[in-house]
Every structure is written in structure tokens, then in C-alpha cells.
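The values are calculated or read from the model by the stated rules, or taken from the named source; none is laboratory data. Small disclaimer: the values here were computed from a predicted structure and weren't measured. Neighbour counts are summed over all protein chains in view; Cβ atoms, including those assigned to glycine, are modelled from backbone coordinates with ideal geometry.
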Amino acid sequence: MAETGNIATMAEMLSSELFSEFFWERTGPMNHNWACVNPDVHEVKTHPSDVVFYYDEPYTQQRTFLQCDLKSYARSSIVLPKLKGALESLAKQVACAEVSEEWQDLYVHKGQTPAIAGLLFIYNHDGEYDKDFNENLRALQSVKLDIPRGSKIVVLGPEDIYWLDNVRYEIVQMRGRRSGSKLPAPQHCKYYYPQLARKKNLQMDKAKSATLEMLTSKLIVLEFVHPESPGKRGLVLFYRGKGESSDEFTYLFDYLRHYQVFEKDVSVEIKMLDASAYAMPKFRKTVQTYIEGLAAGAEDTSLAQRVSEIQFSSIAQVRTRFSQIEIGMDYE
Amino acid sequence: MRQNSFKLENRSGFLLDRIRDDFLEARYIERFEFQETVSDPFGKEVTFERLEYRQTAFRATATWPGLELIDPSRSVQQLLSELIEASDFSVSLAPLSVDVLKWAEGIQQTFGGMLTISSIQVGGLKLEDSATAKVVIKGDKDVREACQKITGNRPHILEKLQFRIAIGSASATVLLANNATAKIEGGEVEEELLPAIRKAMIGI
């Protein structure tokens, strides 16, 4: 299937606007068709690469290369067979990329240990994101995809893109603010990967990007240092929840406490998109009960002070239109 | 391997899964077609065709140990013959014999802490001139000391050992054998264990 100029435009906008804020970089040519190495099984002569992104993994000494298939559709036009076709096609692309000299020559950097993954990006261009999308995805769980053992394919649906786009927009807004919580320039920011018991952050300085796992999780944590006073740092937690119960905030406080973030000169801010109307009162209540629950008389401790200093706010909702043009998903 | 890639009409062939500068991962696939005959309670025979695919995944590296078979079937002779043929008869394959205790200690070094070896199998333990024993030592605690007490200065072969390893909140049971096979039970930590097992093998 030949690639179109529409996808090219969308890929350009995506790479410059959305994923660049998560420190993903683009590699190799966009909208390029390369030879299939298994044409008898895949029943195509070439595979397309709309765009290939890469980022460094924090917990392994690997660089992840993402073979992306970008799709844009109107709310009513996505149906299960099309989604299945797109997934199967991407699986074939990933399987081929793993062994294709041409693909690796074009996109993989020499001297790096590459991990190749697939990203199916399904953008809803008429602005009415499809809430049944996840149901469609669940229905496809039983589909057997022909990908090598250990390879992964990630699907970002309209709702995920809406969430990520709002996080991106909020980061840009925070950077441009004149007062209040202000983010420094990108070179002073990185996504936060603590040292874990099972996984060590091996590339603390090099791996700054948000990984696919972080972007698809409920929590995106951005860390920054103040350039004018390097001893001071801050964390912004973009939490993808409603804030309807105190447990959600307790979890976030425990997360911060577990990774020893409650230190002097570390500011913490929690941000939520589409939060419940009760999120703010729940947050306030959780701050009080969390401190009381720590120990008798804990209200006067420095830990209580740090918890009470956590900021909470909602993200103003925006909807970006990358493209007005529908891009077909036919695989005939 | 590409020249001998598996196609549905072929009886056997390779499927390449992953190619990197220093290793490749592939599967060797064999197709078996045979007839199975079943007798019903009245003695009437029914014959039907059966089709089976046998897959053996492997990883070939440019450096030692060279070839790693993953979940291999009982007979890998055909695969080895085809591999030698694919390399234009320029490689030789030999079975490995390893010291399982050193191998386990190497794995322990990667994760730190103490490794509790819960079972050791000793073979060829010389009791008298013409008598040897095969012994399996098991315990709730580490059995290395108990093994040392039994074997003493007698000639013996450490055939297998088993240990349980906890990595964070997940754990796995690992069985190492002196023919360089490793069996992992507990898929959750396989991703972290496999590189450690490979690294320790190289370090023996």
C-alpha cells in the first residue's frame, strides 16, 4: 500500500508536536516503503514505514525503535475488521523489521542494541473520540499475531491520544507561564524513572524520554531541575484518574514516599485531566488523613510538611486537530 | 537460512525472527504428515490423516557459546544437520559440559545476595572400586554443605542443581544441569533471568 501525503503531514505534525514533548526522536525517512523479506507469507511486496521514532530505555541498555503505523479516521468509520487488519499489518511490519537488513540500515543506529516495537496510532480526526474503542481492542485480544517472541505492539487509541495531547499541551503551558508553577526549558527536564528493586535505572542521564510503558500507564512523571538553582528540583505527576476516591491520592503519596521524593527543595505537583468535581476536596482530605495516619503527633514532622506542600490542579482540556483528512484503513 | 526458509509446501525450514549484529534468533520448523489408525470397539479400523508442526527456537551468537536452543524437542539432530549445512559446513557443534555450582554462583553475582540451592543431584559418586552411587540431596536450607559432607574427597559428578531466586516480588525456580541446560519455572522473571544465565555461562 503506497503511502500518501496526508500521512506525511500527520507524521510531521505528530513528531514535532506530540512525541517530541516526550523526548522521542525521529529516525530515517518517513513514508518510506521497504521490501518485505517474507513475501510468500505476508502476501505483500513492500511494507510501509510512516515514521520511526526512537528513545533510550532507562532500565536496559537498549534503544527502542518504534515502527509506527499512523491512522486517522472519523468517529463512525472505525470497525473491528479494519482495526484487525491494521494490527495484523503492523505485526507483519514488525516481524519483517526484526530481520530486514534494509529496514535496519535505514533506521537503526550503529553501536546501539536495538529493541524493535510496533506502534499503532489511531487518531480520530473529527474530534469525537470513540469511547467504544477499548471494547474493540478487547475483542481483538484473541487475535494471533505473527510477531517474534518478546516483541511488542502498542495501540494508542483516540482516548490515549487525547490524554497525551493534553499532557503535552499542559507541559507547554507550564513552560510559558510567567508566575506560579513554571517548568524550565526541555534540557532541564526528564521523565522520572526511580531505582527499582527488580530493575536498575542504568541510563539515568541518557534516557530522558517517556517510554511506551509510561505513556500507556496511569502516571506520567516529569522531573526537572531549576537552572538558576540546581539544588532545587521538581516533579509533576500527570495522573490519569478521576480523583473520585481518597485511595487514589493515598496511592500517589505512597508512591512519592516509597521512592524517597519527599525531600527538602523538591516541589511536587499533581495534575489530572477530566478530574471529578470532588477531586480537590478529596485531595485536601487525603492530605489531612494521610498525615494523621502516619503516626501519633506526625502533624509536626517534616514529612507532614512535605505532604501538605503538594500542589494539585486540573488540566485545562484542549483538543488538537492534526489533520482534517481521512486516511483509509483498507488492506485490500 | 534465508535460502532454506520454511514454506507451507516444504517439509522443514527456518523462520528468522530477529537479526542483530551479534546474534540471530530463529525457529526451525518441521512438518510431519502421517496416518493414524484407530480401532473402534467392534474391531473396525478408521484411518485419518494427521498433520503436526514441530518448532525449535534457537539463538545463534557470534561469540561463545554459539548456539542456544529454546524449548527444544527431544530430537534436534535434524536441526543441527540443517544448521551445519546452512553454514556451508564451516561450523562444528559440540555438546557442553559445565560446572553447575560455578554457573549458579555466577547467576548469584548478578542479583546479589545469597542463593539458596535447595537440591543437588550427584552422579558417579565412588563408594568402592566397582560401586558408584547417584544421590539427590534436598533441603529447606542451602544443601551445599550437606553435599560436601556426603561427597567428601570421593570422585563424583555434579549433575544437576535447583535453586529458587526472588527478584523483587516475583520468584522463579531454576534447574541447571551439567549438560548446559537451564529450566526456568516462573515466566515473570524470565526476561531478567535469561541474560544473567547467559552471562554466568560465559564466565565459567
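Picking from A:E248, A:E299, A:E244, A:E269, which residue would you name as being surrounded by 13 or more Cβ atoms within 10 Å (Cβ to Cβ), assigned to a helix (DSSP H, G or I) and modelled with pLDDT of 90 or more?
That would be A:E248, the only listed residue that is surrounded by 13 or more Cβ atoms within 10 Å (Cβ to Cβ), assigned to a helix (DSSP H, G or I) and modelled with pLDDT of 90 or more.
Within the range A:69-85, can one find any residue that is assigned to a loop (DSSP other than H, G, I, E, B) and surrounded by fewer than 14 Cβ atoms within 10 Å (Cβ to Cβ)?
There is at least one residue in the range A:69-85 that is assigned to a loop (DSSP other than H, G, I, E, B) and surrounded by fewer than 14 Cβ atoms within 10 Å (Cβ to Cβ).
List the strands (runs of 3 or more DSSP E) that sit entirely inside the range B:11-129 and contain at least 1 residues that are under 29 Å from B:I157 (Cα atoms) and either of a type in the set (K, R) or within 20 Å of the chain's Cα centre (by Cα) (or both).
Output list reads B:45-61, B:67-70, B:116-128.
Within the range A:199-229, track down each residue that is within 14 Å of chain B (Cβ to nearest Cβ) and closer than 18 Å to A:I161 by Cβ.
Correct list: A:E213 only.
Mind checking whether some residue in the range B:137-150 is outside any loop (DSSP other than H, G, I, E, B) and within 13 Å of chain A (Cβ to nearest Cβ)?
The answer is no, given that none of the residues of the range B:137-150 is outside any loop (DSSP other than H, G, I, E, B) and within 13 Å of chain A (Cβ to nearest Cβ).
What residue, of B:E30, B:E25, B:E9, is closer than 18 Å to B:A86 by Cβ and within 12 Å of chain A (Cβ to nearest Cβ)?
B:E25
In the list A:C36, A:C96, which residue meets the criterion of being touching a helix residue (DSSP H, G or I) at 6+ places or on another chain (Cβ under 8 Å) and under 23 Å from B:R59 (Cβ atoms)?
Checking each option against the conditions leaves just A:C96.
Can you name the number of the only condition in (1) within 14 Å of another protein chain (Cβ to nearest Cβ); (2) within 15 Å of the chain's Cα centre (by Cα); (3) of a type in the set (K, R) that B:K183 fails?
Every condition holds for B:K183 apart from (1).
Given the criteria assigned to a loop (DSSP other than H, G, I, E, B) and surrounded by 14 or more Cβ atoms within 10 Å (Cβ to Cβ), does A:F262 qualify?
For A:F262, the condition - assigned to a loop (DSSP other than H, G, I, E, B) and surrounded by 14 or more Cβ atoms within 10 Å (Cβ to Cβ) - is met.
Which ones in the range B:33-61 are closer than 24 Å to A:G111 by Cβ and more than 14 Å from chain A (Cβ to nearest Cβ)?
None - no residue of the range B:33-61 is closer than 24 Å to A:G111 by Cβ and more than 14 Å from chain A (Cβ to nearest Cβ), so the list stays empty.
With A:S217, A:S267 as the choices, which residue is polar (S, T, N, Q) and within 28 Å of A:F121 (Cα to Cα)?
Among A:S217, A:S267, only A:S217 is polar (S, T, N, Q) and within 28 Å of A:F121 (Cα to Cα).
Do you know which residues across the range B:1-10 are assigned to a loop (DSSP other than H, G, I, E, B), among the polar types (S, T, N, Q) and touching a helix residue (DSSP H, G or I) at 6+ places or on another chain (Cβ under 9 Å)?
Within the range B:1-10, B:Q3, B:N4 meet the criteria.
Residue-by-condition table, conditions (1) surrounded by fewer than 13 Cβ atoms within 10 Å (Cβ to Cβ); (2) closer than 15 Å to B:T173 by Cα; (3) not β-branched (V, I, T):
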position: B:L115; (1), (2), (3): no, yes, yes
position: B:D129; (1), (2), (3): yes, no, yes
position: B:I137; (1), (2), (3): no, no, no
position: B:D142; (1), (2), (3): no, yes, yes
